[in-house]
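Worksheet: the structure to be examined is printed underneath.
The numbers here are math on the coordinates, done by the rules we state, and not lab data. Everything quoted here is computed from the prediction, not taken from an experiment. Glycine gets a Cβ as well: all are built from the backbone with ideal geometry, and neighbour counts include every protein chain shown.
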């Protein structure tokens with residue numbers, strides 16, 4: 001079962017899981033019905049509904065469920081704009097998933113998609129495994145609470161959980177409500193031949209991961225024995241640090257000057273202020289010891305996207 | 001309004017608040033009706049009820065409420081034994097308090113009684129302001145979530161909150177369900193002329209605070225401007241570190257050899273295991289800068305208790 005099963009990551013994770021012959025069935029749950037091409041795989045059930053509804057979640061996580069990938073969430077700017085919606089989906093929804101897991105005859109494996117948004121305040125130059133969590137958004141607060149609950153439910157043996165703190169994941173196929181959405185926009189649009197507005201200055205630094213590498217990480221987290229996580233189930237993932245300048249240069253290398261020139265600086269002080277509070281560098285020793293890896297570099301991340309669009313253009317022909 | 005208003009700390013806090021002429025009314029809310037002597041002060045309303053009931057909490061935190069002291073909780077061993085009760089009281093109850101505060105015309109000041117139980121895992125020799133939270137009990141998990149929510153509700157302007165991480169508070173007048181209850185027992189019982197079983201060895205170290213000093217801390221936290229807390233509203237309090245040996249010697253100094261000999265070592269491996277995971281020393285620079293102080297030493301803490309029992313004996317004559 002995947003929550004957020006219509007989403008950017010959920011969809012790609014589903015595709016990878018369906019390549020495995022030992023996956024007997026896969027439930028894709030999301031508030032939004034998926035609008036793209038369905039998988040056409042009879043193992044898949046697509047369900048749309050509200051994760052904050054106890055009965056819905058209890059029905060979907062049934063006695064045959066062995067693994068839950070809990071990725072569904074109201075993202076940062078969304079949870080900031082509608083506090084109650086964020087609490088309901090991100091906190092109550094996670095509790096519903098945990099309670100449904102707890103009712104199963106054997107504790108299922110649960111991979112929870114958390115976020116670097118759990119960090120905030122006066123951040124050190126490099127975030128590491130022992131950086132304390134002072135989230136400065138409701139989204140980050142709700143993710144941090146989710147992590148704590150997943151560790152505790154795991155300790156109690158109610159679920160076999162693990163939480164991954166994702167960096168910004170690119171390249172999204174379309175904008176979303178996250179303040180980080182521009183990190184996808186400034187790669188996607190120019191390489192598709194369209195102009196893109198960049199709301200932050202060239203020195204702004206983000207921590208990034210390609211969606212393929214995120215799916216690798218989710219699958220690895222799922223495979224690892226719970227005991228590998230030790231006394232708590234939250235894991236900071238490694239990431240590539242890149243400035244906006246680095247990203248523009250990577251677009252230039254992938255798509256030429258023409259592509260790079262489609263990125264137009266259009267400062268947005270609100271977005272700049274948010275981005276300035278983000279982690280700029282990650283040292284994820286614990287995750288690396290467990291086998292998690294960042295992408296090689298920003299060019300590798302851009303290449304993943306180029307391969308994906310070439311593939312989908314070929315498929316459309 | 002005080003939640004946990006029948007409790008050890010709540011009762012003493014109420015007594016101190018009632019000394020102030022600017023306190024117009026005081027609601028003492030608790031699941032247990034208070035069984036001792038009432039305050040006999042017409043400003044006081046005592047209410048017993050369930051904090052996990054939204055309507056009850058909403059009724060008590062009404063438009064005239066300017067300050068909430070949220071101390072009520074199911075303690076460590078209690079929340080470990082009954083997981084659902086802990087979640088309901090410690091997490092849902094805190095959310096009910098926050099939501100009731102949010103509905104008021106102006107955000108009230110909220111002091112939340114958190115705990116060093118938010119720490120755990122591989123602890124450093126000295127806990128400080130940047131030690132990350134890896135709680136190893138459901139109680140600690142629920143307190144950590146409460147702290148995160150209080151910071152976020154404060155950031156949003158829904159409440160003007162502050163969370164204090166209490167060390168072990170002694171001397172309780174009677175045992176409770178906390179694993180730490182022996183720290184009170186081995187002072188209280190011998191000084192009252194009764195024998196006391198000590199379940200952990202003499203080298204076990206605890207971090208302690210007298211109840212008077214805790215009440216001082218709560219009142220100071222209430223007085224401080226919210227901006228003094230910076231980007232997050234949680235504060236580690238300073239504490240006195242003392243071994244069981246130190247405590248026995250303090251009892252000897254206060255009550256003589258006769259008293260010290262009433263402490264009988266009666267090892268309990270389960271309690272020993274829990275105590276071995278606790279913080280052994282605190283460096284609370286942030287709190288000290290704001291004016292919070294630990295007791296002078298273990299003798300000072302014992303003296304507080306001796307003064308209290310002498311006073312109540314005098315009162316009874």
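One table, with the values for the structure above:
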item: Centroid-to-centroid separation of the stretch B:194-241 and the stretch A:159-236 [C-alpha atoms, Å]; result: 40 Å
item: Cα centroid separation, the stretch A:1-78 to the stretch B:107-122 (Å); result: 36 Å
item: 7 Å along Cα→Cβ, label-point gaps from residue A:296 to other copies, nm, shortest first; result: 6.8
item: Copy-to-copy label separations for residue A:49, where each label sits 7 Å from Cα toward Cβ, in nm and ascending; result: 3.4
item: The stretch B:29-100: relative contact order as a whole-number percent, Cα under 8 Å and 6+ apart; result: 34 percent
item: Calculated label separations, residue A:285, copies of the chain, 7 Å along the beta-carbon direction, nm; result: 2.1
item: Per residue convex hull volume, Cα atoms of chain A, in Å³; result: 127 Å³
item: Average partner coverage of B:89-101, which counts Cβ from other chains inside 10 Å; result: 1
item: At R0 = 35 Å, FRET efficiency that the Cβ-Cβ distance of residue A:50 and residue B:82 yields, to 0.05; result: 0.75
item: Top of A:38, A:108, A:199 by mean-square fluctuation, Gaussian network on chain A, Cα under 10 Å; result: A:38
item: Burial ordering of B:170, B:61, fewest other beta-carbon atoms within 10 Å first; result: B:61, B:170
item: Order of B:208, A:17, B:192 - criterion: other Cβ atoms within 10 Å of each residue's Cβ, fewest first; result: B:192, A:17, B:208
item: Simple label model, 7 Å out from Cα along Cβ direction - residue B:313 to residue B:63, nm; result: 5.2 nm
item: Net length gained if the chain between residue B:268 and residue B:106 were fully extended (0.36 nm per residue, minus Cα distance); result: 53.4 nm
item: Averaged over A:117-127, number of beta-carbon atoms from partner chains that fall within 10 Å; result: 1
item: Residues of the stretch B:266-296 with amide N under 12 Å of the 7 Å Cα→Cβ point at residue B:12; result: B:295
item: Largest-first principal axis extents, alpha carbons of the stretch A:127-275, Å; result: 56, 30, 24
item: Ranked by how many other beta carbons lie within 10 Å on average, peptides B:290-302, B:88-100 from highest; result: B:88-100, B:290-302
item: Acute angle (nearest 10 degrees) that the helix A:181-191 long axis makes with the longest principal axis of chain A, alpha-carbon atoms; result: 50 degrees
item: Sum of -39500 (n - 2.57) over DSSP H runs of 4+, divided by residues of chain A (222 nm, nearest 500); result: -12000 deg cm²/dmol
item: Average partner coverage of A:225-233, which counts Cβ from other chains inside 10 Å; result: 2
item: Residues B:264, B:159, B:215, sorted so that the one with the fewest Cβ neighbours within 10 Å comes first; result: B:264, B:215, B:159
item: Ratio Rg/Rh [Cα only; Rh per Kirkwood] for the stretch B:41-171; result: 0.99
